[in-house]
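Enquirer: Structure provided below as structure tokens; questions to follow.
The values are calculated or read from the model by the stated rules, or taken from the named source; none is laboratory data. On a predicted model such as this, the values are computed, not experimentally measured, just so you know. Positions of Cβ are backbone-derived with ideal geometry, glycine not excepted, and every protein chain shown enters the neighbour counts. Protein only, heavy atoms only, side chains kept; ligands, DNA and RNA dropped before computing areas. Shrake-Rupley method; radii C 1.70, N 1.55, O 1.52, S 1.80 Å.
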Amino acid sequence: MSGCFEFVDDIRAGRDVKPITALVHYSAFSAGYAIASACSDIVLSKTSGVGSIGVIMKHADFSQKLENEGVKVTTLYRGARKDDMSQTGPLSEEAMAAADSMLDHYYEMFCDTVAQNRGMKVSAVKDTEAGLFYGGNAIEAGLADGLESQQQAVNRIAAGVAAKRARVPKARGSSQAIAASMAMSLNLKL
């Protein structure tokens, strides 16, 4: 998930400038859901899914297999933690504790981010238990806002933009002013 939360922050800042809709066509799970949660609105079809708000790490110990095959692995390293996740031996208690601490940190960050983005309590996010939610169940869980096909959502958004533009008189340079405003709020240089 490296870079994911920074990207989520950028999207979140952008929605303060203008509405951003996540159109979930199939799925937005885990990091995909973190990104979708930053949008103003999440729309999905009745068979599309969201969620999987959790973190996972796996370790496989192949030491017995290697030994059975007559392979002896010699690992040379510096730094006490460098070989923690090696697949050529079991995890030490220290390595397990370090991995658990990292998982706790990222899980809290993920749940806090979704809760803030969706206006939910952190406990409600955690109560999803990294489950997958489809269609109406996603809306009931607070993980989505609307149930539409992708084309219906695009048509609705386009109609709303067209109606808004029809009501607002055009000013010279307005598109440049809007772009500059967005860039400033996102701390970008044009």
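Enquirer: Pick out which of LEU143, LEU103, LEU76 has the largest mean-square fluctuation in a Gaussian network model of the chain, springs linking Cα atoms closer than 10 Å.
Expert: In this elastic network of the chain, the residue with the biggest mean-square fluctuation among LEU143, LEU103, LEU76 is LEU76.
Enquirer: Name the residues whose placed amide hydrogens come within less than 5 Å of the amide hydrogen of ILE20, ignoring near sequence neighbours (fewer than 5 apart) on the same chain.
Expert: Those lying under 5 Å, H to H, from ILE20 are SER40, ASP41.
Enquirer: Who wins for biggest fluctuation among THR47, THR88, THR74 in a Gaussian network model of the chain, springs between alpha carbons below 10 Å?
Expert: Maximum among the listed residues: THR74.
Enquirer: Cα to Cα, under 16 Å, and not fewer than 8 places away if on the same chain: which aspartates and glutamates meet these conditions relative to LYS126?
Expert: Counting by Cα, and skipping residues close in sequence, LYS126 has these aspartates and glutamates nearby: ASP104, GLU108, ASP112, GLU140.
Enquirer: Given 0.36 nm per residue, what is the gain on full extension from LYS46 to ASP145 after removing their alpha carbon distance, in nm? It would help to have the intermediate numbers written out before the result.
Expert: Details: separation 99, 0.36 × 99 = 35.64 nm, distance 1.21 nm.
In short, 34.4 nm is gained.
Enquirer: Can I ask one more? How would HIS59, HIS105 rank on accessible area, largest to smallest, probe 1.4 Å? The partial results should precede the final answer.
Expert: Working: HIS59 55, HIS105 100 Å².
Final ranking, largest accessible area leading: HIS105, HIS59.
Enquirer: If you don't mind, another one. Could you check which residue among VAL161, VAL17, VAL114 shows the biggest mean-square fluctuation in a GNM of the chain with a 10 Å Cα cutoff?
Expert: Answer for the Gaussian network model of the chain: VAL161.
Enquirer: Let me ask something else about it. Which residues make up the longest stretch of the chain that has no chymotrypsin sites (Phe, Trp or Tyr not before Pro) in a DSSP loop with at most 15 other Cβ atoms within 10 Å? List each step's numbers first, then the result.
Expert: Values: sites that count: TYR26, PHE62, TYR77.
No qualifying site falls inside 78-190, the longest such stretch.
Enquirer: Now for a different question. Would you pull out the residues with amide H under 5 Å of LEU132's amide H, same chain only if 5 or more places away, H placed 1.01 Å from N?
Expert: Under 5 Å from the amide H of LEU132 lie the amide H atoms of SER52, each far enough along the sequence or on another chain.
Enquirer: Hydropathy first: keep DSSP H helices in the chain averaging at least -0.5 on Kyte-Doolittle, then drop any whose Cα extent along the axis falls short of 30 Å, and list what survives. Don't jump to the answer; show the numbers that get you there.
Expert: On the way: long enough: 93-118 (37 Å, -0.45).
Span-like helices here: 93-118.
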